[in-house]
Amino acid sequence: MTKYIKKIEERGLFKKVQNGDVKSLEVLFDRYYNVLCNFAYLFLKDEECAKEIVSELFINIWQKRQDIVIRESLKSYLYKSVKNAVISRKRKKTESLKEDIDFKTPDFITPETLLLQKEFEDKVKELFAELPLKSGLVFRMKRIDGLRYKEISKVLNISEKTVENHMGNAIKKIKAILDKHPELADYFKR
């Protein structure tokens, strides 16, 4: 029931964006910017490039707001848009030169907490680096970003059964890694 309410809420929010409400765009931006940057980062391994892609996405949404038709959930639309932008960016870079991205900018104030957050994020990055690419993507999209298997299968263009298999593989590998690094367990309880 809450997912249904959230979809209605997102559609209402997007309708406001389509009607020119800047505040609603800001709400969408605040809600999805970090998770979309993390998603783009998984493909690109370049923080600045990921931020640029997501920022451009929100600029395009605003500029083309009246022409956009969302058939599924807003979240799926955003993830697909980022994936398509990443693919496009990779093609352009392949034609010229290749580069790479980072995880998440900490929002802490003190130098000590910044350092601790950076160390923690580095350990989480290492953990995800040990996973096969698709399994890591599926795990993040399901457990961290909250997408359903059906939405993940559409975004990654794979079957739901394949999504389930990737999720199972990711969970097995993460459990093995957490045995070695129990300090990371809190990250996965969110």
Task: Top-ranked residue in segment 56-72 [being over 27 Å from Lys150 (Cβ atoms) and over 18 Å from the mean Cα position of the chain (by Cα); ranked as surrounded by the most Cβ atoms within 10 Å (Cβ to Cβ)] - done: Trp62
Task: Those residues of segment 53-79 which are among the hydroxyl-bearing types (Ser, Thr, Tyr) and modelled with pLDDT under 85, in sequence order - done: Ser73
Task: Ile109 out of contact with any helix residue (DSSP H, G or I) (no Cβ under 6 Å at 6 or more places or on another chain), outside any helix (DSSP H, G or I), at pLDDT 85 or above and among the aliphatic types (A, V, I, L, M) - done: no
Open item on the list: Can you find a residue that is surrounded by 15 or more Cβ atoms within 10 Å (Cβ to Cβ), hydroxyl-bearing (Ser, Thr, Tyr) and modelled with pLDDT of 85 or more anywhere in segment 29-38?
Closed with: yes
Open item on the list: Out of everything in segment 139-174 that is not basic (Lys, Arg) and not in a helix (DSSP H, G or I), what residue ends up being surrounded by the fewest Cβ atoms within 10 Å (Cβ to Cβ)?
Closed with: Asn157
TODO: For segment 35-44, state whether one or more residues are more than 19 Å from Val138 (Cβ to Cβ), among the polar types (S, T, N, Q) and touching a residue at least 12 places away in the same chain (Cβ under 8 Å).
DONE: no
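The values are calculated or read from the model by the stated rules, or taken from the named source; none is laboratory data. What you are looking at is a predicted structure, and each value in this text was computed from that prediction instead of being measured. Glycine also receives a Cβ, built like all others from the backbone with ideal geometry; neighbour counts cover every protein chain displayed.
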